[in-house]
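A short worksheet on the structure shown next.
The values are calculated or read from the model by the stated rules, or taken from the named source; none is laboratory data. Everything quoted here is computed from the prediction, not taken from an experiment. Cβ placement follows ideal geometry from the backbone for every residue including glycine, while neighbour counts extend to all protein chains displayed.
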Amino acid sequence: MTQSFSELSLAPTLARAVADMGYEHMTPIQAQAIPVVLEGRDVMGAAQTGTGKTAAFSLPLLQRLLKHENASTSPARHPVRALVLLPTRELADQVAEQIKLYAKHTQMRSTVVFGGMDMKPQTLELKKGVEILVATPGRLLDHIEAKNCVLNQVEYVVLDEADRMLDIGFLPDLQRILSYLPKQRTTLLFSATFSPEIKRLASSYLQDPVTIEVARSNATASTVEQCFYRVDDEDKRRVMQQILRERGVKQAFVFVNSKLGCARLARSLERDGLNTTALHGDKSQDERLKALDAFKTGAVDLLVCTDVAARGLDIKDVPAVFNFDIPFNAEDYVHRIGRTGRAGASGLAVSFVTGRDTRLLGDIEKLIGKKAEFVPVEPEPERRPGGRYNDGQRVWQQPAPRDEAAPRPAARAPRAPRPSADPFFDQPYEASAAPEAKPAWESADKPAARSLSPNIKPKKKVAALFKATERTPETES
């Protein structure tokens, strides 16, 4: 039985924000986690991706922090009281936007800091004072070392997608950050999957946590249709376009394993006439945010990305996900296909399997507890219509169709040869000298040989002054 948000007795300002966002019924993770967090207990929450974990920890935190709400302009009255740590920049930006929407009718301040951006604007926001700080571990340590923020009044800490933070090597940074926090605090750990490393981390930093698992660990959403196709590498692109046409898919994520492969595939799909953009770690943060915004607004149909976009990104109504490459880590498969079929909607997950992906596919089958069923497919011949041209842009253009009823233009007569620009070259060849005559460069008088090398400068003749002596008869004799 689903529970309504009206049963939580939230503050009027929070209840109004929830109503503005159209939330009526809580998801299972929200229904179980929110009451526990409101009691001030530590929580380990595990749920399928896309089930509303952000609201599960944001709403109760805001509810408990409302006692510190004030309208003062002094930064000292707005210390950091809640810290939310996330593994990727895109996820941090998304969570910060959600928290601002929940707190828009309150006087609680929040901001986000992450790498790839200038620190000065972030420093200015921190100096003004914020109650809720959303951050990635690396950039937060930069601000701590620069003394831009103080964490000695933090009451709540949230580790979201904690397993991903450990996978990409954030454990030392997490340990340093947690050492700056007060001992008496409430710690919430949320993730779609729980590994043994995560459980060890929880045992070190959580105090008597309440474990909440609303679904089997590493389970995939039941609303996502999973299809596997056995194809060769050179046929992947054609088969994907064939599925897009047959299924009528208008927008989709396309996941690859490497940054270089991501950029190359995006360019190839653009040349095929598909509105595509790329998202990977080698792009600047500004480019990554612009690509994500273009996909959210529908300006881009296909978002070709690496696993930097596999975790936590909440984009509504994405109908399909393509695993162009099978992920090296089986858990990333669960997160990838979780980008579709969110909040109870249906979705399509297509995976292309080559001969060398047998072991990786076996790991996925073992993880999700289901055998992969292959869909037979016959790749269509590559259709490259003739006459296409490139007008200097990145998109190939197709010439306008010609009316078949219109008469064909007559063949043009061959062009007459153009007159030469210089009439000298039109004259027949004439010998200018007798055969026995020597060339001009041989008959020219050679310069006289010099006794000294031309590189040796002769000594300058300098006049000398000598004292003349008088000649006397005595000296002559």
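Go over the candidates 287, 234, 246, 270 one by one and state the one that is touching a residue at least 60 places away in the same chain (Cβ under 8 Å) and acidic (Asp, Glu). Please lay out each step first, then the result.
Values: 287 fails: touching a residue at least 60 places away in the same chain (Cβ under 8 Å); 234 fails: touching a residue at least 60 places away in the same chain (Cβ under 8 Å); 246 fails: touching a residue at least 60 places away in the same chain (Cβ under 8 Å).
Within the list 287, 234, 246, 270, the selection yields 270.
Which one of 122, 94, 98 is in a helix (DSSP H, G or I), within 23 Å of the chain's Cα centre (by Cα) and farther than 26 Å from residue 307 by Cα? So that I can check it myself, show each step before the final result.
On the way: 94 fails: farther than 26 Å from residue 307 by Cα; 98 fails: farther than 26 Å from residue 307 by Cα.
Result: 122 is the single residue among 122, 94, 98 that is in a helix (DSSP H, G or I), within 23 Å of the chain's Cα centre (by Cα) and farther than 26 Å from residue 307 by Cα.
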Query raised in the report: What is the number of the single condition among (1) at pLDDT below 90; (2) of a type in the set (A, V, I, L, M, F, W, C); (3) surrounded by fewer than 20 Cβ atoms within 10 Å (Cβ to Cβ) that residue 374 does not meet?
Result: (1)
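Yes/no per residue for (1) surrounded by fewer than 21 Cβ atoms within 10 Å (Cβ to Cβ); (2) touching a residue at least 60 places away in the same chain (Cβ under 8 Å):
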site: 2; (1), (2): yes, no
site: 7; (1), (2): yes, no
site: 14; (1), (2): no, yes
site: 23; (1), (2): yes, no
site: 26; (1), (2): no, no
site: 29; (1), (2): no, yes
site: 34; (1), (2): no, no
site: 40; (1), (2): yes, yes
site: 45; (1), (2): no, yes
Requested in this report: Determine if region 11-23 includes at least one residue that is charged (D, E, K, R), at pLDDT 90 or above and touching a His at 6+ places or on another chain (Cβ under 8 Å).
Outcome: yes
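Kindly indicate whether any position in region 36-53 is assigned to a strand (DSSP E or B), among the small types (Gly, Ala, Ser), under 23 Å from residue 153 (Cα atoms) and within 35 Å of the chain's Cα centre (by Cα). Before you say what the answer is, go through the steps one by one.
Our first condition is that a residue be assigned to a strand (DSSP E or B); within region 36-53, this holds for 43-46.
Within this subset, residues satisfying the condition of being among the small types (Gly, Ala, Ser) are 45-46.
Narrowing further to those that are under 23 Å from residue 153 (Cα atoms): none.
The answer is no; no qualifying residue exists.
In the set 73, 106, which member is touching a residue at least 12 places away in the same chain (Cβ under 8 Å) and assigned to a loop (DSSP other than H, G, I, E, B)? Walk me through it before giving the result.
On the way: 73 fails: touching a residue at least 12 places away in the same chain (Cβ under 8 Å).
Every option except 106 fails the conditions.
Working only within region 247-256, note down all residues that are buried (at least 16 other Cβ atoms within 10 Å of the Cβ) and either of a type outside the set (Gly, Ala, Ser) or more than 15 Å from residue 300 (Cα to Cα) (or both).
Those that are buried (at least 16 other Cβ atoms within 10 Å of the Cβ) and either of a type outside the set (Gly, Ala, Ser) or more than 15 Å from residue 300 (Cα to Cα) (or both): 249, 251, 253, 254, 255, 256.
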Query raised in the report: When residues of region 109-139 are filtered for being under 27 Å from residue 162 (Cβ atoms), free of Cβ contacts under 8 Å to residues at least 40 places away in the same chain and charged (D, E, K, R), how many remain?
Result: 3
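Tell me the strands (runs of 3 or more DSSP E) entirely within region 152-262 that contain at least 2 residues that are touching a Cys at 6+ places or on another chain (Cβ under 7 Å) and closer than 30 Å to residue 273 by Cβ. Before you say what the answer is, go through the steps one by one.
Details: elements: 156-160, 186-191, 210-213, 224-230, 252-255.
Fully inside region 152-262 and qualifying: 252-255.
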Requested in this report: Inspect all residues belonging to region 247-259 and state whether any of them is assigned by TED's automatic domain parsing to the domain that holds residue 306 and over 19 Å from residue 320 (Cα atoms).
Outcome: yes
Query raised in the report: Can you tell which of 111, 51 is crowded, with 19+ Cβ neighbours inside 10 Å, in the same structural domain as residue 159 (by TED's automatic domain parsing) and modelled with pLDDT under 90?
Result: 51
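What about residue 146, is it farther than 30 Å from residue 196 by Cβ and more than 26 Å from the chain's Cα centre (by Cα)? Don't jump to the end; show me each part of the working.
Details: farther than 30 Å from residue 196 by Cβ: yes; more than 26 Å from the chain's Cα centre (by Cα): yes.
Here the answer is yes, as residue 146 does meet what is asked.
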